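Notes for the one structure printed next.
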Amino acid sequence: MSQSLFQVYLHVVFSTKKRRAYLQDFDLRHRLFAYLFSACKGQGYLPIIVNGYVDHAHLLLGMGKTILPPDLIGEIKEDSSKWVKEQGLERFYWQPGYGCFSVSASHVPAVKKYIADQEQHHAHEDFETEYLRLLEKNGVAYDERYLWD
């Protein structure tokens, strides 16, 4: 083969520090998610959807070829945190960790819908419960003593 081709989709989830509801302002929240979308695109990833709620973000991405997921996630969290502070929310921070889950191409539409429906979803479930469920659904071993900041 003369070309190297791949298609890898990722569902990335991260929370604000201590899951504080920093993103209650609807306009700021959606401008932040647009910022994250653009930042991923600028790094060569294919952002499909970025959404979340008052204390966390979900990103569905097609993986890029030039930057590894941990490097991308660290960079976009750092850059977006600075951006939020420039918008006047000086005490804003993301938590240090994140979840990154593989998504098969056939499941991309369902994950996209799940991420799009975050407002409705969180009328019934908090972030911690959601995150634990995602870890278990994806078979990720964890020690809850070290999950939360």
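The values are calculated or read from the model by the stated rules, or taken from the named source; none is laboratory data. This one's a predicted model, so the numbers in the text were calculated from it and none came from an experiment. FYI the Cβ positions are ideal-geometry reconstructions off the backbone, even for glycines, and counts take in every protein chain you see.
Within region 1-52, how many residues turn out to be of a type in the set (S, T, N, Q) and over 24 Å from L134 (Cβ atoms)?
4
When the residues of region 86-99 are narrowed to those that are over 12 Å from A57 (Cα atoms) and touching a strand residue (DSSP E or B) at 6+ places or on another chain (Cβ under 8 Å), which ends up surrounded by the most Cβ atoms within 10 Å (Cβ to Cβ)?
The selected residue is F92.
Are there any pairs with C-beta distances below 7 angstrom linking a residue in region 36-65 that is over 14 Å from F14 (Cβ atoms) and β-branched (V, I, T) to a residue that is in a strand (DSSP E or B) and modelled with pLDDT of 95 or more, with the two at least 6 apart or on different chains, and if so which?
Between residues of region 36-65 that are over 14 Å from F14 (Cβ atoms) and β-branched (V, I, T) and residues that are in a strand (DSSP E or B) and modelled with pLDDT of 95 or more, the close pairs are I48/L60; I48/L61; I48/G62; I49/L60.
Output the residues belonging to region 35-75 that are surrounded by 15 or more Cβ atoms within 10 Å (Cβ to Cβ), in a loop (DSSP other than H, G, I, E, B) and aliphatic (A, V, I, L, M).
V54, M63, I67 - these are the residues of region 35-75 that are surrounded by 15 or more Cβ atoms within 10 Å (Cβ to Cβ), in a loop (DSSP other than H, G, I, E, B) and aliphatic (A, V, I, L, M).
If T129 passes every condition in (1) under 18 Å from K17 (Cβ atoms); (2) outside any loop (DSSP other than H, G, I, E, B); (3) out of contact with any strand residue (DSSP E or B) (no Cβ under 8 Å at 6 or more places or on another chain) but one, which one does it miss?
That leaves (1) as the condition not met.
Determine whether L10 is touching a residue at least 60 places away in the same chain (Cβ under 8 Å) and either of a type in the set (S, T, Y) or surrounded by 15 or more Cβ atoms within 10 Å (Cβ to Cβ) (or both).
The answer is yes for L10.
List, please: which pairs have Cβ atoms under 7 Å, are six or more places apart or on different chains, and start with a residue in region 118-136 that is closer than 15 Å to D55 by Cα and in contact (Cβ under 8 Å) with a residue 60 or more places away in the chain and end with one that is of a type in the set (K, R) and crowded, with 17+ Cβ neighbours inside 10 Å?
Correct list of pairs: F127/R19; E128/R19.
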